[in-house]
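Chemist: Before anything else, here's the structure in question.
The values are calculated or read from the model by the stated rules, or taken from the named source; none is laboratory data. Quick caveat: nothing in here was measured; it's all calculated off a predicted structure. Cβ placement follows ideal geometry from the backbone for every residue including glycine, while neighbour counts extend to all protein chains displayed.
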Amino acid sequence: MDFEKYDIIIVGGGPAGFITGENITDKKVLVLEEHQEIGVPLQCAGLISVNGVKELGNPKGSVNKVRGANIFSKNNVFTVGNEKVRAEVFERKVMDKDIAKRASKRVDVLMKSYGKIKNSNQKRRNYITKSSLKEKFQKLEIMHLGESYEVCPKIIIGADGIRSNIGKSLQMNKKREIISGIQIEYANAKIDDDFVNVFYDKRYSERFFTWIIPLGNDRVRVGTCDSNNSYKKLTEFLKNNRIANEILKNATPIEFTSGAIPIGYSKTVTDNVMLVGDSAGQVKPLSGGGLYYGAKCGKICANTINNYFKGNYSLEFLKSYEKDWKKEFSKEIDKNLKIRRIFNMIDDGKIDRILEYVTKNNLLDIINEKGDMDSPSSVVWPILEKAVFGK
Ligand SMILES: Cc1cc2nc3c(=O)[nH]c(=O)nc-3n(C[C@H](O)[C@H](O)[C@H](O)COP(=O)(O)OP(=O)(O)OC[C@H]3O[C@@H](n4cnc5c(N)ncnc54)[C@H](O)[C@@H]3O)c2cc1C
């Protein structure tokens, strides 16, 4: 295989990788995917905001539309939402394949190929501009069907998800927190398809939350994320939670998923290497959703690359990608991280009181009007300030 013809190699055939690839213009792009099938294994609940769906290019695979959420604490509950559709639930396997199919009109794809940084740090000889003489160009090693190839694309993109071998080998994601998730999909469940159910109950998740998401046609996904023991906590939830028991009374498990979510920032540009999606920590810290940010940041990454080639700039120019995506999201991410720190500190009693505060003060109309899944801080932060700190 002639790898040298590619200007850009994207390691990872998930949504972030393909969306980045399809937005790069006039350059040869190759996407490497280690698995034998796009979108497998499933590591997602598939809930995407209406804006997120647009940003992903309205892919196939939507199975349900939801209008709101029942929010539970240990002893309280309220419902947010009205007639407006807020989010859709997707079959990631269908969605990821559809995005890949769309992108493959502009990029080449090599399945069953694994990419990693070859630590050579050599200067690239066939792409030297005056300002690039001192630049370090990382090389890539590609393993494919038992063979190993060493290649030097002008740009390497690590879109290789939470485990990000690319980011790790260049020590780009040292600071992030990792939480792990377990999810079971059930058939024959009995649920209102219009509302997701979210449980802020420390018995089942100390540092995140537990969910029941309707997929339509009597199917649901039930999962929890936490910093440890997620499987044990999900088992406890399934055994003891009254709502789960009602919904799953006659249900049958049909799919088991485990995965992890990065919380917090990574460095996203080093030499000729750029990270996008989960590998870059482009994830909403309060919900763990990474598809909306990943799609948007993929486009920002592609735009930086397009300008880099147009301007014949030095590698230093690539760093503007980090500035640009942070300009878009860091305000919200920072506030979300602050809110998370508070949630991690408070106990179930305090969470009960927050829910009580919302109901007693008739705040549901404001939440319905101003609440936004993609930027929840504008609603959550003022409530926390008043309910927790009495400000
Ligand atoms: C339990 C759980 C529930 C979630 N629920 C939601 C949700 O409801 N909504 C939402 O928006 N987000 C959700 N997420 C997060 C969401 O799944 C991720 O943010 C999203 O998949 C990130 O996309 P990506 O393209 O960056 O990475 P991925 O989708 O992980 O894709 C990375 C790809 O790279 C490939 N790869 C990895 N290393 C290599 C390598 N070295 N060489 C070649 N290929 C490689 C992998 O096989 C994979 O296909 C959830 C996550 C978990 C764990």
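Chemist: Do we find a residue being in contact with a Cys (Cβ under 6 Å, 6 or more places away or on another chain) and not basic (Lys, Arg) anywhere in the stretch 19-36?
Modeler: At the first step, the residues of the stretch 19-36 found to be in contact with a Cys (Cβ under 6 Å, 6 or more places away or on another chain) are 20.
Going one step further and asking which of them are not basic (Lys, Arg), we end up with 20.
Yes: the stretch 19-36 contains one or more residues that are in contact with a Cys (Cβ under 6 Å, 6 or more places away or on another chain) and not basic (Lys, Arg).
Chemist: Right, next: Scan the stretch 165-191 and report the pairs whose first residue is within 14 Å of the ligand (Cβ to nearest atom) and whose second residue is of a type in the set (Phe, Trp, Tyr), with Cβ atoms within less than 6 Å and a gap of 6+ or a chain change.
Modeler: ILE179/PHE208; ILE182/TYR231; ILE184/PHE256
Chemist: For the stretch 22-47, how many residues meet the condition of being within 11 Å of the ligand (Cβ to nearest atom), touching a strand residue (DSSP E or B) at 6+ places or on another chain (Cβ under 9 Å) and not in a strand (DSSP E or B)?
Modeler: Matching residues across the stretch 22-47 total 11.
Chemist: Listed residues ASN51, ASN64, ASN70; which is under 20 Å from the mean Cα position of the chain (by Cα) and in a strand (DSSP E or B)? Quick ask: steps written out before the conclusion?
Modeler: Working: ASN51 fails: in a strand (DSSP E or B); ASN70 fails: under 20 Å from the mean Cα position of the chain (by Cα).
Result of the check over ASN51, ASN64, ASN70: ASN64.
Chemist: Here is a follow-up. Scan the stretch 79-88 and tell me whether some residue there is on the phi > 0 side of the Ramachandran plot and more than 11 Å from the ligand (Cβ to nearest atom).
Modeler: Here is the first cut: in the stretch 79-88, the residues on the phi > 0 side of the Ramachandran plot are 81.
Next cut, more than 11 Å from the ligand (Cβ to nearest atom) only: 81.
Looking through the stretch 79-88, at least one residue is on the phi > 0 side of the Ramachandran plot and more than 11 Å from the ligand (Cβ to nearest atom).
Chemist: Now for a different question. Looking for something farther than 17 Å from ILE162 by Cβ and assigned to a strand (DSSP E or B) - is there at least one such residue anywhere in the stretch 257-272?
Modeler: Our first condition is that a residue be farther than 17 Å from ILE162 by Cβ; within the stretch 257-272, this holds for 269-272.
Cutting the leftovers down to assigned to a strand (DSSP E or B) gives us 269-270.
So far as the stretch 257-272 goes, yes, one or more of its residues are farther than 17 Å from ILE162 by Cβ and assigned to a strand (DSSP E or B).
Chemist: Can you tell me how many residues within the stretch 1-49 are within 30 Å of CYS225 (Cα to Cα), of a type in the set (A, V, I, L, M, F, W, C) and surrounded by fewer than 17 Cβ atoms within 10 Å (Cβ to Cβ)?
Modeler: 1
Chemist: Moving on to the next point. Could you list, in sequence order, all residues of the stretch 213-244 that are free of Cβ contacts under 8 Å to residues at least 60 places away in the same chain and in contact with a helix residue (DSSP H, G or I) (Cβ under 8 Å, 6 or more places away or on another chain)?
Modeler: VAL220, VAL222, THR224, ASP226, PHE237, LEU238, ALA244, listed by residue number.
Chemist: With respect to ALA100, determine if the residue is assigned by TED's automatic domain parsing to the domain that holds ILE243, among the small types (Gly, Ala, Ser) and not in a loop (DSSP other than H, G, I, E, B).
Modeler: Working: assigned by TED's automatic domain parsing to the domain that holds ILE243: no; among the small types (Gly, Ala, Ser): yes; not in a loop (DSSP other than H, G, I, E, B): yes.
For ALA100, the condition - assigned by TED's automatic domain parsing to the domain that holds ILE243, among the small types (Gly, Ala, Ser) and not in a loop (DSSP other than H, G, I, E, B) - is not met.
Chemist: Mind checking which strands (runs of 3 or more DSSP E) fall wholly inside the stretch 137-180 and carry at least 2 residues that are of a type in the set (D, E, K, R)? Let's see the steps before the verdict.
Modeler: On the way: elements: 139-144, 147-151, 155-158.
Qualifying strands (runs of 3 or more DSSP E): 139-144, 147-151.
Chemist: In the stretch 197-238, what count of residues is obtained for those that are more than 18 Å from PRO253 (Cβ to Cβ) and not basic (Lys, Arg)?
Modeler: Step one: filter the stretch 197-238 for residues more than 18 Å from PRO253 (Cβ to Cβ), giving 198-203, 205-209, 225-229.
With the extra rule that they be not basic (Lys, Arg), the set shrinks to 198-201, 205-206, 208-209, 225-229.
Looking only at that region, the number is 13.
Chemist: Can you pull out the residues in the stretch 242-292 that are of a type in the set (Phe, Trp, Tyr) and near the ligand (Cβ under 8 Å from one of its atoms)? Explain how you work it out, then say what you get.
Modeler: Filtering the stretch 242-292 down to residues of a type in the set (Phe, Trp, Tyr) leaves 256, 265, 292.
The one that is of a type in the set (Phe, Trp, Tyr) and near the ligand (Cβ under 8 Å from one of its atoms): TYR292.
Chemist: Which residues, taken from the stretch 48-61, are within 13 Å of the ligand (Cβ to nearest atom) and either in contact (Cβ under 8 Å) with a residue 40 or more places away in the chain or not aliphatic (A, V, I, L, M) (or both)? I'd like the intermediate steps shown before the answer.
Modeler: From the stretch 48-61, those within 13 Å of the ligand (Cβ to nearest atom) are 48-53, 55-56, 59, 61; that's our starting set.
Those that are within 13 Å of the ligand (Cβ to nearest atom) and either in contact (Cβ under 8 Å) with a residue 40 or more places away in the chain or not aliphatic (A, V, I, L, M) (or both): ILE48, SER49, ASN51, GLY52, GLU55, LEU56, PRO59, GLY61.
Chemist: May I pose another question? Sort out which residues of the stretch 143-163 are within 29 Å of the chain's Cα centre (by Cα) and under 18 Å from TYR6 (Cα atoms), and write them in order of number.
Modeler: The answer is MET143, HIS144, VAL151, CYS152, PRO153, LYS154, ILE155, ILE156, ILE157, GLY158, ALA159.
Chemist: On the given criteria, is LYS296 in contact with a Gly (Cβ under 9 Å, 6 or more places away or on another chain) and within 30 Å of GLU385 (Cβ to Cβ)?
Modeler: On the way: in contact with a Gly (Cβ under 9 Å, 6 or more places away or on another chain): yes; within 30 Å of GLU385 (Cβ to Cβ): yes.
Judged against the criteria, LYS296 is a match.
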